[in-house]
1. Go through (1) open to solvent by 90 Å² or more (accessible area, probe 1.4 Å); (2) over 19 Å from Asn67 (Cα atoms) and name the single condition Pro79 misses.
2. For region 6-41, which residues satisfy the criterion of being within 21 Å of the chain's Cα centre (by Cα) and exposed (fewer than 13 other Cβ atoms within 10 Å of the Cβ)?
3. Any idea how many residues of region 1-40 are under 23 Å from Lys63 (Cα atoms) and among the small types (Gly, Ala, Ser)?
4. Could you list all residues from region 81-124 that are more than 10 Å from the chain's Cα centre (by Cα), under 28 Å from Ser22 (Cβ atoms) and part of a loop (DSSP other than H, G, I, E, B)?
5. Between residues in region 9-21 that are assigned to a helix (DSSP H, G or I) and residues that are open to solvent by less than 30 Å² (accessible area, probe 1.4 Å) and among the hydroxyl-bearing types (Ser, Thr, Tyr), which pairs lie under 9 Å by C-beta distance while being six or more apart or on different chains?
6. Just to be sure, is Lys109 in contact with a Ser or Thr (Cβ under 6 Å, 6 or more places away or on another chain) and open to solvent by 50 Å² or more (accessible area, probe 1.4 Å)?
7. Quick one: would you say Lys3 is under 20 Å from Cys114 (Cβ atoms), of a type outside the set (Gly, Ala, Ser) and surrounded by fewer than 16 Cβ atoms within 10 Å (Cβ to Cβ)?
8. Can you report the number of residues in region 82-103 which are open to solvent by 50 Å² or more (accessible area, probe 1.4 Å), modelled with pLDDT of 95 or more and within 25 Å of Thr59 (Cβ to Cβ)?
Amino acid sequence: MMKTEIALETLKFIADGVSPYSRRALRKGDIFHEPEVLEAVNVAINLIAQNIRGKSYSTPQDKVLINIVNGKARNHGLPWSNTDTKKLINDYTAGRPVPRLSREFGRSKGAIICQLERHDVTIR
């Protein structure tokens, strides 16, 4: 079963005219590029947004949904776990580029760089 935040993130990509798989612009003729599909996707996003807008989040999952609706990185404003920090440092020092880490960790590129710098990792 698809998690709610992944489903919402997928809808946001489609609404923005971007393939949720390749992260490239949708092409004319693509089923997701059809006006009726885009309208349905926007209606779904707006219904979700109405349900959570103004809600003070009580769980990290609520915050993730609010971030996605507001067009922010999935984990914006959420604390880093020790496990994620260690994985970030290992992945970065192994050569993974910041944009890819940004997508994988659901953080902005700036947040990735900031977290690395906090842990005395030299940015290349």
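1. With (1) open to solvent by 90 Å² or more (accessible area, probe 1.4 Å); (2) over 19 Å from Asn67 (Cα atoms) applied to Pro79, the lone miss is (2).
2. If the condition is that a residue be within 21 Å of the chain's Cα centre (by Cα) and exposed (fewer than 13 other Cβ atoms within 10 Å of the Cβ), then Tyr21, Ser22, Arg23, Arg24, Ala25 are the ones that fit.
3. Looking only at that region, the number is 2.
4. Ala94, Gly95, Arg96, Pro97, Ile123, Arg124
5. Qualifying pairs under 9 Å: Phe13/Ser19.
6. Values: in contact with a Ser or Thr (Cβ under 6 Å, 6 or more places away or on another chain): yes; open to solvent by 50 Å² or more (accessible area, probe 1.4 Å): yes.
Judged against the criteria, Lys109 is a match.
7. No.
8. Number satisfying all stated conditions: 5.
The values are calculated or read from the model by the stated rules, or taken from the named source; none is laboratory data. Note that the structure is predicted; figures quoted are calculated from it, not measured. Cβ sites come from the backbone with ideal geometry, for glycine too, and all protein chains shown count toward neighbours. Surface areas here come from the heavy atoms of the whole protein model, side chains and all, with no ligands, DNA or RNA. Shrake-Rupley method; radii C 1.70, N 1.55, O 1.52, S 1.80 Å.
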